Structure formats: structure tokens, C-alpha cells
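*Asks:* Please see the structure below; I have some questions.
The values are calculated or read from the model by the stated rules, or taken from the named source; none is laboratory data. Given the structure is predicted, the values throughout are model-derived calculations rather than measurements. Using ideal geometry, Cβ is built from the backbone for each residue, glycine included, and neighbour counts are taken over all protein chains shown. When the accessible area is computed, the model is the full protein with side chains, heavy atoms only, and any ligands, DNA or RNA have been set aside. Shrake-Rupley method; radii C 1.70, N 1.55, O 1.52, S 1.80 Å.
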Amino acid sequence: ISGLKSKAAHPVALQSSAMACLDLNFMDRPAAMASYNPDPRADAPLMANFANAEMGFQMAPVLNPMTFCKDQAARGHKQVMDFNKGTTTLGFVFDGGVIIAVDARASMGSFVSSGQVRKIIEINDFLIGTMAGGAADCSFWERRLTVLCRIHELRNKERISVAAASNLLANIFYSYRGYGLSCGTMIAGWDQKGPHLYMVDDQGDRIKGQKFSVGSGSTFAYGVLDQGYRTDMSIPEAVELGRRSIYHATHRDGASGGVCRVYHIHKDGWTRMIEGEDVNKIHYEYAAQK
């Protein structure tokens, strides 16, 4: 590599350089990994590589990554990162499947860094996850879950269940408990036993339920969700409930906003019901109805 000095480089630097050369374009569309029929002969090298790969990632080159921020504060140093964040995600199960609705605002402390973040990760054609907490942590590990679900499909010749997928993610979070991950995720999907919804957090907790809302705006979303939730809703009613819940959360919570996205998970997979509707437009629509 041009620019490297002749003297021996630090091992971490060399490893970082090697990692920078990896082609990660496949992570832009993780669901595409499950869109082709497996060929055992073609997939054999892939399976061998993953079987020998480490199930982890490179830690920061400090004495104790787990307590780095606490150590800095104890020495009187200014905090190097602002962990203030916010979002609103929700999901609920009804007779027609599962509805997942999210906002799209990403915040950096008191600043809005983006209003178009995709907080729904398409794991495969029947399974999706949501992001709340640290965007990098949630995005990285849910995309890692996409790979693990694909490997399960290749090895067992059948799609992974929602329970098994959520358990994989919970085990990953549990193994990194105390290392500073910030994740409040939902895993939703449809398998051989029907629709399922799980909430998984960065402590390794995994809870199955009928409805969840995660993020700083969740208390506002729960108010609308609890009032309008019924298991016998029609699909348009369920989509509207998710949309309205996200809107009210973005209206009252300064860390939530941007656009609203709603997915419907059913026996044939998932469908984008609302791809990205500006919450300001929704505000004036509801104001006109009063």
C-alpha cells in the first residue's frame, strides 16, 4: 500500500488497513442475500469461510475498552462522545400479521444529523428488525444477524424462525454486555407458526409481546397505540394506527421526526405500506380533521 513507511507498522494499524480493503457493498441490501436459491457447490467456500471466522469485531486499541468512557471521566477528561439520542419505533401483532412503524430522525446531542434514516432493517423476505439507540450498533449487529440467518437457511434448507433469529441477536448482545452497546431493537416476522414480535435490548433481554414501542418518543406512541389497538383491525386500520402513533410521538418528542415509514408483515412476506411520509404533512392533515 502506498504511503506506508518501511519500519514495522503497529498490528492494529495493519489489521485496520486490511479491514478497509473488504468489499462490504452487499450490506447495502442485506435482504438480497436471501433472494436466490442456494447452490451447495457454489456456497461451500462461503460456508467454510464463515465456519472459520471469528464471531466478533476489533476492539478499540486502549487498555480496557469496556470502561474507557468511565476511565476518562474519572481522570477529569472531557467526554469524547455525546451519547444523547432519541427515536420512536413501534410494532404490534394483529389478526392480519404485524405492523412496524418508525420515524427517521437521527440526532447527535442537541443537533439533528439526519431526517431520512432507515430504521427498519430488512433481514430477509419474511423478517425485519428496527433500530433504536446507537445507529452504528443497531445497524452493524442487525446486518450481522442477516448473515447468520442466511447461513442457517443454507445449512438447514429452511427459513429461520422469528424466535431463533431474535435469540441469536439476544445472545450477541449478552456476550457484549457492559461494553457500551446502545441497542433497543424489535425483531418481527412470519414463520411456520404465524406472526411474531420480539423486543431485544443491549443487555441481552428478549421479550415476546403483542405490542412494543422503543425510543425516547415511546411514551407518546404508547398513548395512541393503547387507545386504538384491537386484534381484529383491518389492514388499513392497522396501518393508520401505526402512522398516527408515530406522528404524535414526533409532534411531542424533539428527538423524533423526519418521515414516517410503515411495514406490514404477512404470510407472503413484508410489504412497505408507507415508504416515507413527511410528518409535517401528516400534522396538517390531522389538524384539518379537527
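*Asks:* Here are the criteria: (1) closer than 29 Å to Gly109 by Cα; (2) out of contact with any helix residue (DSSP H, G or I) (no Cβ under 7 Å at 6 or more places or on another chain); (3) touching a residue at least 40 places away in the same chain (Cβ under 8 Å); (4) surrounded by fewer than 23 Cβ atoms within 10 Å (Cβ to Cβ). Tell me which single one Trp190 does not satisfy.
*Replies:* (1)
*Asks:* Do you know which residues across region 62-90 are modelled with pLDDT under 75 and part of a loop (DSSP other than H, G, I, E, B)?
*Replies:* Hits for region 62-90 are His77, Lys78, Gln79, Val80, Met81, Asp82, Phe83, Asn84, Lys85.
*Asks:* Against the conditions (1) crowded, with 17+ Cβ neighbours inside 10 Å; (2) more than 20 Å from the chain's Cα centre (by Cα), where does Ser216 fall short? Just the number, please.
*Replies:* Of (1) crowded, with 17+ Cβ neighbours inside 10 Å; (2) more than 20 Å from the chain's Cα centre (by Cα), only one is false for Ser216: (2).
*Asks:* Let me ask another. Tally time: how many residues in region 157-169 are surrounded by fewer than 21 Cβ atoms within 10 Å (Cβ to Cβ) and either aromatic (Phe, Trp, Tyr) or part of a helix (DSSP H, G or I) (or both)?
*Replies:* Result for region 157-169: 4.
*Asks:* Could you list all residues from region 203-251 that are under 21 Å from Trp270 (Cβ atoms) and touching a Cys at 6+ places or on another chain (Cβ under 9 Å)?
*Replies:* Across region 203-251, the qualifying residues are Gly242, Arg243, Ile246.
*Asks:* If the requirement is being in contact with an Asp or Glu (Cβ under 9 Å, 6 or more places away or on another chain), more than 28 Å from Asn171 (Cα to Cα), polar (S, T, N, Q) and open to solvent by less than 20 Å² (accessible area, probe 1.4 Å), which of these qualifies: Ser245, Ser256?
*Replies:* Working: Ser245 fails: in contact with an Asp or Glu (Cβ under 9 Å, 6 or more places away or on another chain).
Unique residue meeting the criteria: Ser256.
*Asks:* Could you tell me which of the residues Ile207, Ile282, Ile265 is in a strand (DSSP E or B), closer than 19 Å to Ile120 by Cβ and either free of Cβ contacts under 8 Å to residues at least 60 places away in the same chain or out of contact with any helix residue (DSSP H, G or I) (no Cβ under 9 Å at 6 or more places or on another chain) (or both)? Full working, then the answer.
*Replies:* Working: Ile207 fails: closer than 19 Å to Ile120 by Cβ; Ile282 fails: in a strand (DSSP E or B).
Just a single option satisfies the conditions, and that option is Ile265.
*Asks:* Across region 268-279, what is the total count of residues that are among the acidic types (Asp, Glu) and in contact (Cβ under 8 Å) with a residue 24 or more places away in the chain? Please lay out each step first, then the result.
*Replies:* Initially, region 268-279 is screened for residues among the acidic types (Asp, Glu), giving 268, 275, 277-278.
Applying the additional criterion that residues be in contact (Cβ under 8 Å) with a residue 24 or more places away in the chain yields 277.
Within region 268-279, residues that are among the acidic types (Asp, Glu) and in contact (Cβ under 8 Å) with a residue 24 or more places away in the chain number 1.
*Asks:* Limited to region 95-111, what total is found for residues that are more than 16 Å from Arg261 (Cβ to Cβ), open to solvent by 10 Å² or more (accessible area, probe 1.4 Å) and in a strand (DSSP E or B)?
*Replies:* Qualifying residue count for the region: 3.
*Asks:* Where residues in region 118-142 are in a loop (DSSP other than H, G, I, E, B) and open to solvent by less than 30 Å² (accessible area, probe 1.4 Å), which of them is nearest to Gly215 (Cα to Cα)?
*Replies:* So in region 118-142, the residues in a loop (DSSP other than H, G, I, E, B) come out as 118-119, 125-126, 131-132, 134.
Checking the rest, the ones that are also open to solvent by less than 30 Å² (accessible area, probe 1.4 Å) come to 119, 131-132, 134.
Values: Lys119: 12, Met131: 9, Ala132: 6, Gly134: 11 Å.
Only one residue fits best here, namely Ala132.
*Asks:* List the number of the failed condition for Tyr174; all other conditions in (1) open to solvent by less than 40 Å² (accessible area, probe 1.4 Å); (2) within 30 Å of Pro65 (Cα to Cα); (3) of a type outside the set (Gly, Ala, Ser) hold.
*Replies:* (1)
*Asks:* Kindly evaluate Ser114 against the criterion of being surrounded by fewer than 21 Cβ atoms within 10 Å (Cβ to Cβ) and more than 29 Å from Glu240 (Cα to Cα).
*Replies:* Numbers: surrounded by fewer than 21 Cβ atoms within 10 Å (Cβ to Cβ): yes; more than 29 Å from Glu240 (Cα to Cα): no.
The answer is no for Ser114.
*Asks:* From the list Leu154, Leu148, which one is assigned to a helix (DSSP H, G or I) and free of Cβ contacts under 8 Å to residues at least 24 places away in the same chain?
*Replies:* Details: Leu154 fails: free of Cβ contacts under 8 Å to residues at least 24 places away in the same chain.
Testing whether each residue is assigned to a helix (DSSP H, G or I) and free of Cβ contacts under 8 Å to residues at least 24 places away in the same chain leaves just Leu148.
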